[in-house]
């Protein structure tokens, strides 16, 4: 695997249609990777492999060769066959190349999470305003609205049932005698908050779904699933009022909305380390994933880089990434393995 002939058999030549990208580093998605910047919106759907690494630079090819030799020197001490070692090395190098997009993925996910939280906050404002307006309607009107609750299949509450509920509200509100509260309630359902105070906007017939339904569709699926599950049990217990339902909906949206973590984010290498650990575990080396101590430095032993840490670092270095596998990341792996019943033990250097 360390010979040039071996490497050439494993790494296909740069595809002709990628030649322009390889010759212009500024057009690349990330350095040393043969992917155009135009693909940035799709990083969460992309999975890179070693074949995507740009090896037109002789130094990059030599660095890969040396890293493969060093990775083999780590694995041969595990007394495994060269065939299995080659497979582990190849899979780990694939993971290292794919890791090059991890920072872009995190940035994109944080951006999506921020947008999702914005949608939830807007939905909460719509529902809160709707509940306030409905509560001010005359008792006979509220009685008609409350009948909607009995006519819906709350035990299977989902997006379709929510949309049905919203349209039922609109039907009742459209037949209410002229009322400022009814107009504001309808506006909270149909219009965006930016135009909800415009009396002209409330009279325009929309062909698109009501704004409140569009926002319901736009919130994160995990949040929506949790809210729907809770509402199935809540609304089916006994007769409920529309205003009570909306107040409950607001409370659940606030309870289950995802939040962007404040402060320092976890190192992106954590995901990569998990992938490498899974590769070792599949080949029977799961118990060898751990920390290393040099007991010649004292009774308790001095912390040193373990073979697992070195192996993961070498793969990253092979693809031009200077990141390291930290002790904290390996410690997390060991804790997860302990909780799942898969043991791991520290290594002696």
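The values are calculated or read from the model by the stated rules, or taken from the named source; none is laboratory data. What you see is a predicted model; the values in this text were computed from it and never measured. Because the Cβ atoms are built from the backbone with ideal geometry, glycine has one as well, and the counts that use them run over all protein chains shown.
Side notes on the structure shown:
- Output for the range 36-63, where each listed residue is surrounded by 20 or more Cβ atoms within 10 Å (Cβ to Cβ) and either modelled with pLDDT of 90 or more or closer than 26 Å to residue 283 by Cα (or both): 48, 50, 52, 53, 54, 55
- Close contacts from the range 214-235, counting a first residue that is on the phi < 0 side of the Ramachandran plot and a second that is surrounded by fewer than 16 Cβ atoms within 10 Å (Cβ to Cβ), with Cβ to Cβ under 6 Å and a gap of 6+ residues or different chains, come to 220/258; 228/158; 232/155.
- Scoring residue 112 on the criteria (1) closer than 30 Å to residue 270 by Cα; (2) out of contact with any helix residue (DSSP H, G or I) (no Cβ under 7 Å at 6 or more places or on another chain); (3) in contact (Cβ under 8 Å) with a residue 24 or more places away in the chain leaves a single failure, condition (3).
- Members of the range 144-165 found to be free of Cβ contacts under 8 Å to residues at least 12 places away in the same chain and buried (at least 16 other Cβ atoms within 10 Å of the Cβ), listed by number: 161
- Selected residue [under 18 Å from the mean Cα position of the chain (by Cα), in a helix (DSSP H, G or I) and modelled with pLDDT of 90 or more] from 243, 275, 227: 275
Every residue, every condition in (1) within 13 Å of the chain's Cα centre (by Cα); (2) in the same structural domain as residue 283 (by TED's automatic domain parsing), yes or no:
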| residue | (1), (2) |
| --- | --- |
| 89 | no, yes |
| 95 | no, yes |
| 113 | yes, no |
| 117 | no, no |
| 120 | no, no |
| 123 | no, no |
| 126 | no, no |
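- Selection status of residue 141, surrounded by 17 or more Cβ atoms within 10 Å (Cβ to Cβ) and assigned by TED's automatic domain parsing to the domain that holds residue 169: yes
- Pick from the range 79-89, criterion touching a helix residue (DSSP H, G or I) at 6+ places or on another chain (Cβ under 9 Å) and surrounded by fewer than 16 Cβ atoms within 10 Å (Cβ to Cβ), ranking: nearest to residue 289 (Cα to Cα): 80
- Taking (1) assigned to a helix (DSSP H, G or I); (2) surrounded by fewer than 21 Cβ atoms within 10 Å (Cβ to Cβ) in turn, residue 92 satisfies each apart from (2).
- Taking (1) closer than 23 Å to residue 271 by Cβ; (2) out of contact with any helix residue (DSSP H, G or I) (no Cβ under 7 Å at 6 or more places or on another chain); (3) at pLDDT 90 or above in turn, residue 69 satisfies each apart from (1).
- Scanning the range 42-72 for residues that are in contact (Cβ under 8 Å) with a residue 24 or more places away in the chain, assigned to a helix (DSSP H, G or I) and under 19 Å from residue 108 (Cβ atoms) returns 43, 44, 52.
- Complete set of residues in the range 149-167 that are within 37 Å of the chain's Cα centre (by Cα), at pLDDT below 90 and not in a loop (DSSP other than H, G, I, E, B): 149, 154, 155, 156
- Residue match in the range 185-192 (condition: surrounded by fewer than 20 Cβ atoms within 10 Å (Cβ to Cβ) and modelled with pLDDT of 90 or more): no
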